[in-house]
Amino acid sequence: MLTIYSSDHRFHHGVELKDGAVSESFEKPARAETVLARVMATGLGDVVSPKSYDRSSYVGAHSERYVQFLAGAWNEWAATGRTCQALPLVWPVRGLPSTEVPQFIDGKLGFYSMDAGSPINAGTWDAVCSSANSALTGIDRLSGGARSAFALCRPPGHHAGREYMGGYCYLNNAAIAAQRCIEQGAKRVAVLDVDFHHGNGTQDIFYDRSDVLFISIHGDPAVSFPYFSGHADERGVGPGEGFNLNLPLPKGTAMSEFERALLQAGAALARHAPDALVVSLGVDTFEGDPISHFRLRTADYLRVGEIVERFGVPTLFVMEGGYMVDEIGVNAVNVLLGFEG
Ligand code: Q9C
Ligand code: ZN
């Protein structure tokens, strides 16, 4: 299986608020490097750099004004004289009346985000583009006839909605790839999200559409980030009704229950009969993950890949979360090796 990877992800690194203090983000450069090292050690296949794509390739999944905001946010922040990274601190929640985009960067940061988990520094935009471009390059390989590809994306994407960043995500790499697939003539596409966290951003982007089926298996939002989406009764709206499937699972979920959800996802996928499948591949479902609470083991990821392969659809794997740095490479690559059979 071909891997698409760019070292440009290293331009992006930041902080997060944890237990009332600022600390290094769990979403750090070493994550992607561990996965790349494992890809090479196992001889999974060639590793290539992403092609470049115009900014307009991100519009469709996202709004034009959001893409423009992301591209210019660091310069607007730095122009105020601050050299620290940019973080939002105020949000337009229920009850606040204005829907206008603020003029000042501090207001824009809140307008275009869901949490304070996505810091912006001088290199963030370049890294974000390299990540989205990896997913786009991957989908182009599928269009060219490949039966699978692995976009080793960093930063991740599935929490980023049509007009917001959050949860370590900026551009929704999986959604951008799925959208390109449709624009290039596919009638139906599916996104299957197996990251521990609900893929709220991908759900947001495709919620009113019947051409892209979104399925997410994740920790019950009653007790897990992102808390405000991911319930089973979120099924899509308008023409998209019935094309969004959430499969929340309880704390402590191990492979037997996770596998049952995967097979349920497979049945929904078969009814949709997609031309291509994009898998949002997070391995924060691992028993040792520091911010999640499922109990998958390293060998279980081989089985995950095997099940996905049996769906029989050309598949682009897009890297999402996974924070136990030492094990993320083995676990993510096990899914790909399981798929290869
Ligand atoms: N103690 C992804 O996996 N912080 N994002 C939650 C829980 C945000 C995860 C803190 C987690 C975002 C792509
Ligand atoms: Zn996650």
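Some observations on this one:
- In order along the stretch 209-216, the Karplus-derived 3J(HN,Hα) couplings, from 6.51 cos²θ - 1.76 cosθ + 1.60 at θ = phi - 60°, round to 10, 9, 7, 10, 7, 10, 10, 10 Hz, and Gly and Pro are given as x.
- Proximal aspartates and glutamates relative to Lys108, as straight alpha-carbon distance under 12 Å, when same-chain residues fewer than 8 apart are discounted: Glu76, Glu100, Glu163
- The Rg/Rh ratio of the stretch 240-288, with both radii computed over alpha carbons and Rh defined as the Kirkwood radius, is 0.99.
- Remark on Leu2: its backbone amide H falls under 5 Å from those of Phe150, a criterion applied only to residues 5 or more positions apart or on other chains, H modelled at 1.01 Å from N.
- Vicinal HN-Hα couplings computed from phi for the stretch 186-193 (Karplus, 6.51 cos²θ - 1.76 cosθ + 1.60; Hz; Gly/Pro x): 5, 7, 9, 10, 10, 10, 10, 10
- Annotation: amide H of Leu249 within the under-5 Å range of His218, Gly219, Asp220, sequence separation 5 or more or interchain, hydrogens built in the peptide plane.
- Value in Å of the Kirkwood radius, where the stretch 1-128 supplies the Cα pairs that are averaged: 16.9
- For Lys18, the lysines whose Cα comes closer than 21 Å to its Cα, not counting residues fewer than 8 places off in the same chain, are Lys28, Lys251.
- Global form of the stretch 142-285, assessed from the alpha-carbon gyration tensor, a/c cut-off 1.5: rounded
- Sorted by Cβ neighbour density within 10 Å, fewest at the top, the residues Ser7, Ser256: Ser256, Ser7
- Radius 13 Å from Cβ of Glu16, net charge of other residues (Lys, Arg +1; Asp, Glu -1): -2
- Qualifying trypsin sites (Lys or Arg not before Pro) in the stretch 24-98, DSSP loop, other Cβ atoms within 10 Å at most 14: Lys51, Arg82, Arg94
- Cross-link reach list, aspartates and glutamates versus Lys51, counting only Cα pairs under 14 Å and skipping chain neighbours closer than eight places: Asp8, Asp126, Asp140
- Cα gyration tensor shape of the stretch 257-333, rounded if a/c is under 1.5, else prolate or oblate by comparing a/b with b/c: prolate
- Cα principal axis extents for the stretch 288-341, largest first, Å: 33, 19, 17
- Amide H to amide H, with H built 1.01 Å from N, Ser113 comes under 5 Å of Met165, counting only residues 5 or more places away or on other chains.
- Rounded to whole Hz, the Karplus (6.51, -1.76, 1.60) HN-Hα couplings of the stretch 127-135, x for glycine and proline: 5, 4, 5, 5, 5, 4, 5, 5, 5
- Convex hull of Cα atoms in the chain, direction-averaged projection (nm²): 15.9
- Centroid-to-centroid separation of the stretch 63-139 and the stretch 254-325 [C-alpha atoms, Å]: 30
- Sorted fewest first by neighbouring Cβ atoms within 10 angstrom, Met40, Met165 come out as Met40, Met165.
- Radius 14 Å from Cβ of Ala127, net charge of other residues (Lys, Arg +1; Asp, Glu -1): 0
- Square roots of 5 times each gyration tensor eigenvalue, C-alpha, the stretch 70-149, largest first, Å: 32, 17, 10
Readers should treat all values here as calculations from the given coordinates under stated rules, not as data from a laboratory. Please read all numbers here as calculations on a predicted model, not as lab measurements. So basically every Cβ, Gly included, is an ideal-geometry build from the backbone, and we count neighbours across all protein chains shown.
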